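Notes to accompany the following structure.
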Amino acid sequence: MSAPAPVSTPDFGPGLLGPIPRPTDQKLWDPAHQAMDPGQRRELQDQRVRELIRRVLETPVPLFASKLKDAGITSPDDVKGVDDLALVPLTVKQDLRDSEAGAPPWGSYRFTDARHAVRLGTSTGTTGQPTITVWTRKDIWIEYESGARNWWRFGYRPGQIITHAHPAYLYGGGTMLQQTYEYFGMLSVWVPPPDTDELAEQAVRFWTRVTPDHPFMGFATGRFIEVAGKLGISLEDAGLTGLKAPIGFGLGRGGMPLMTAGAECYSFVGGPCGESPGAHIHEDWAVVQAVDPATGQEVPDGEWGNLTVTTLDRDNGLLRYDLEEACAIVREPCPCGETSIRGLWGGRFKDLLECQGTRFQVNELEGVLRGIEAMREPSLEYQIVKPDGSGADLVVRVEVASEDPAVRQGAQEKAVAAIRDALGVSAAIDILNRDTIPRAGYKATRVIDPE
Ligand SMILES: [Zn+2]
């Protein structure tokens with residue numbers, strides 16, 4: 001087994017095992033970068049883009065080198081900076097999958113020997129064979145620092161107790177989140193994803209012993225509330241009261257803050273400040289663009305395009321990576337003091353549903369159902385039968401806890417009316433008893449195929 005030659009040594013400064021402490025009343029985690037003069041930041045981006053291109057060509061990194069060749073870029077001197085990225089063809093997930101299949105297991109898109117990395121994760125594989133991501137210490141450190149900017153904006157501070165239930169093992173997301181919390185300086189209680197009631201019980205009982213300062217927040221919140229109810233454990237004892245969506249998390253047509261570009265690209269690409277819509281993008285470490293895939297050019301500000309990310313200053317980067325998700329960029333200055341562009345996220349294109357001539361996201365429908373108390377309590381459990389794009393009613397199956405026929409019928413009528421108001425779609429609502437729909441510990445399956 002060959003020992004690879006050392007790669008770049010990141011400048012960790014004095015805090016090799018953690019960040020340098022800073023005053024807790026400081027507004028930003030890293031003001032030098034978050035409030036940087038935009039012109040200076042652009043120069044930094046240009047310099048980092050040129051370095052990325054140089055490494056693609058000189059390493060070489062065959063997948064990206066061939067994309068550059070298609071754009072007529074054969075020398076690092078051909079690229080001056082961010083503006084020239086528009087020439088470079090996009091790379092999508094399927095390109096990475098094909099590359100790994102053609103040169104297993106790593107493919108031909110790595111910038112370093114995989115043995116230079118210290119962590120591995122795979123994508124969830126919901127749309128085909130999972131791709132493999134590897135991170136060097138420096139790549140991980142960039143995520144830690146980016147996550148820290150987010151937690152600080154949320155008002156989290158070192159010394160607090162936090163909890164999460166992210167999946168682990170080959171799916172690298174749980175480890176990344178856990179260690180980002182640790183790096184930031186919080187005591188993180190990592191409970192199992194509540195795939196079963198027994199696993200949910202472990203978490204809820206533990207929270208009555210060590211109660212987090214911030215209530216659990218994630219896809220599985222409803223599961224924990226549901227199981228606490230079954231066990232007769234008060235939500236207060238388990239720290240599950242005072243639940244609120246994090247700042248800037250609004251569902252609906254305006255889009256959500258663009259906080260992640262996926263574990264394979266940039267887990268903590270940005271975060272909301274709560275003073276303006278969207279998420280401040282960590283531009284010193286990424287060029288984030290909303291791109292029209294037909295032209296490769298950015299769409300006008302505020303309009304939806306394909307979320308396209310070029311990561312900067314990493315050992316293993318991605319060049320013009322199109323996540324096939326909707327993104328909009330806003331450039332007006334924000335009163336919070338951060339000087340970056342802001343990003344809005346509009347969902348994955350493959351998750352868009354089309355019914356009666358209208359296109360919408362699952363979470364838009366979820367927001368509507370969540371407004372109906374009989375469906376929301378103790379947790380919202382629903383499934384949508386995948387519409388075939390015809391004019392037929394949208395079939396939604398949703399649990400209602402009450403056995404009172406009047407309550408059930410009332411909820412059904414409310415849902416039909418609310419879906420019509422919000423989405424302009426005619427729906428047929430199947431009311432189900434509790435525990436009819438399979439539960440999930442992480443992301444539940446909300447769209448099912450017709451029977
Ligand atoms: Zn702001």
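Here are the numbers for this structure:
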quantity: Karplus-derived HN-Hα couplings along the range 311-323 (A = 6.51, B = -1.76, C = 1.60, θ = phi - 60°), whole Hz, x at Gly and Pro; calculated: 7, 10, 6, 8, 5, 10, x, 10, 10, 6, 8, 8, 7
quantity: Area projected by the alpha carbon convex hull of the range 397-451, averaged over all directions, nm²; calculated: 4.7
quantity: Protection proxy ranking, peptides 115-124, 363-372, 68-77, average beta carbon neighbours within 10 Å, highest first; calculated: 363-372, 115-124, 68-77
quantity: Mean-position separation - Cα centroids, the range 151-198 and the range 77-135, in angstrom; calculated: 26
quantity: Packing-based order for 309-322, 221-234, using average beta carbon neighbours within 10 Å, highest first; calculated: 309-322, 221-234
quantity: Eligible aspartates and glutamates near Lys230 by straight Cα distance, threshold 14 Å, same-chain separation 8 or greater; calculated: Asp197, Glu198, Glu201, Glu377, Asp435
quantity: Value of relative contact order over the chain, rounded to a whole percent, pairs C-alpha under 8 Å and six or more apart; calculated: 14
quantity: Largest-first ellipsoid semi-axes for the range 256-349, taking √(5λ) over the Cα gyration tensor eigenvalues, angstrom; calculated: 19, 16, 12
quantity: Rounded to 10°, Cα long-axis angle of helix 137-154 versus longest principal axis of the chain; calculated: 50
quantity: Of Lys69/Lys138; Lys350/Lys386; Lys69/Lys93, pairs whose Cα-Cα distance is over 22 Å; calculated: Lys69/Lys138
quantity: Test item: Cα-centred dipole of the range 195-235, Lys/Arg +1 and Asp/Glu -1 on Cβ, debye; calculated: 120
quantity: Percent of C-alpha pairs per 10 Å bin, the range 353-448, short to long; calculated: 16, 53, 27, 3
quantity: Length-normalised contact order of the range 308-357 in % [C-alpha pairs under 8 Å, at least 6 apart]; calculated: 29
quantity: Whether the range 91-247 is rounded, prolate or oblate, judged on the alpha carbon gyration tensor where a/c under 1.5 counts as rounded; calculated: prolate
quantity: Residue-span extension gain [Gln409 to Glu182] - 0.36 nm each, minus C-alpha spacing; calculated: 76.9 nm
quantity: Residue-by-residue Karplus 3J(HN,Hα) for the range 424-431, coefficients 6.51, -1.76, 1.60, Hz, glycine and proline x; calculated: x, 10, 8, 10, 10, 9, 8, 8
quantity: Helix 405-423 axis, angle to the chain major axis (alpha carbon atoms, nearest 10°); calculated: 40
quantity: Relative contact order (%) - the range 353-448, alpha-carbon pairs under 8 angstrom, separation at least six; calculated: 33
quantity: Rounded FRET efficiency, nearest 0.05, which uses the C-beta distance separating Ala440 from Glu198 and R0 of 22 Å; calculated: 0.90
quantity: Angle in degrees between helix 93-102 and the longest Cα principal axis of the chain, rounded to the nearest 10; calculated: 60
quantity: Residue-wise HN-Hα coupling along the range 193-200, computed from phi with Karplus coefficients 6.51, -1.76, 1.60 (Hz; x: Gly, Pro); calculated: x, x, 4, 10, 4, 5, 5, 5
quantity: Using alpha carbons only: equivalent-ellipsoid semi-axes of the chain, gyration tensor based, whole Å; calculated: 38, 27, 21
quantity: Local net charge near Arg209, Cβ-Cβ under 15 Å (Lys/Arg +1, Asp/Glu -1); calculated: -3
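Read-outs throughout are calculated quantities, based only on the coordinates presented, and are distinct from any laboratory measurement. Because the structure is predicted, anything quoted here is derived from the model rather than measured. Every residue, glycine as well, gets a Cβ built from its backbone with ideal geometry; the counts of neighbours run over all protein chains shown.
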